[in-house]
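Novice: Shown below is the structure under consideration.
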């Protein structure tokens with residue numbers, strides 16, 4: 001009935017609807033998507049990936065983001081200079097270097113990941 005997720009494993013079954021931003025690409029502006037986004041390049045702007053079961057942002061090892069991230073699911077193995085807000089799972093892999101605060105529903109941090117900021121679970125109810 002319940003599927004056990006391994007670290008780094010995505011919850012999405014299909015990879016058909018995805019956007020790949022190549023390693024040599026530099027995006028100056030915001031990115032908005034409802035599906036899977038794989039970032040290998042450099043983005044100066046905010047990234048919003050929400051709205052479908054496949055909504056996930058992957059910041060790969062050579063990628064660099066200078067802006068805030070709002071994503072249903074976020075997997076980081078590169079550099080993020082900005083806050084990360086997620087209604088779902090956030091994963092920081094060994095190559096992650098995040099300078100900003102992270103808000104999440106579930107979180108996984110691999111040994112070697114660097115976070116310079118605060119973490120807060122957005123499922124915790126305030127009284």
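Novice: Sort 75-87, 105-117 by the packing proxy (mean of other Cβ within 10 Å over each peptide's residues), most packed first.
Specialist: Working: 75-87: 21.4, 105-117: 13.6.
Ranked by mean Cβ neighbours within 10 Å, highest first: 75-87, 105-117.
Novice: Please report the relative contact order for segment 19-120, taking Cα pairs under 8 Å with a sequence separation of at least 6, and give it as a percent rounded to a whole number. Don't skip to the end; give the middle numbers.
Specialist: Numbers: 336 pairs, mean separation 17.7, N = 102.
Answer for segment 19-120 is 17 percent.
Novice: List the residues of segment 75-90 whose backbone N lies under 18 Å from a point placed 7 Å from the Cα of residue 30 along the Cα-to-Cβ direction.
Specialist: Under cut-off, by backbone N: 81-87.
Novice: Assuming R0 = 30 Å, can you tell me the calculated FRET efficiency for the pair residue 17 and residue 97, based on Cβ-Cβ distance, to the nearest 0.05? If you can, show how the numbers build up before the last one.
Specialist: Numbers: r = 29 Å, r/R0 = 0.95.
The value I calculate is 0.55.
Novice: Could you tell me the relative contact order of segment 69-127? Use alpha-carbon pairs under 8 Å, at least six residues apart, and round to a whole percent. Mind showing how you got there, number by number?
Specialist: Values: 152 pairs, mean separation 17.0, N = 59.
Reported relative contact order: 29 percent.
Novice: Would you kindly calculate the mean projected area, averaged across all directions, of the convex hull enclosing the Cα atoms of segment 19-120, in square nanometres?
Specialist: If I average the Cα hull's projected area over directions, I get 5.1 nm².
Novice: Further question: Quote the Stokes-Einstein diffusion coefficient, in whole µm² s⁻¹, for segment 23-65, based on the Kirkwood radius over alpha carbon pairs, a temperature of 37 °C and a viscosity of 0.692 mPa s. Each step should come with its number before you reach the end.
Specialist: Working: Rh = 10.4 Å.
Rounded, D is 315 µm²/s.
None of the figures in this text is laboratory data; all of them are computed from the coordinates on show. Values in this document were obtained by computation on a predicted structure and should not be read as measured data. Don't worry about glycine lacking a Cβ; one is built from the backbone with ideal geometry, like all the others, and counts go over all protein chains shown.
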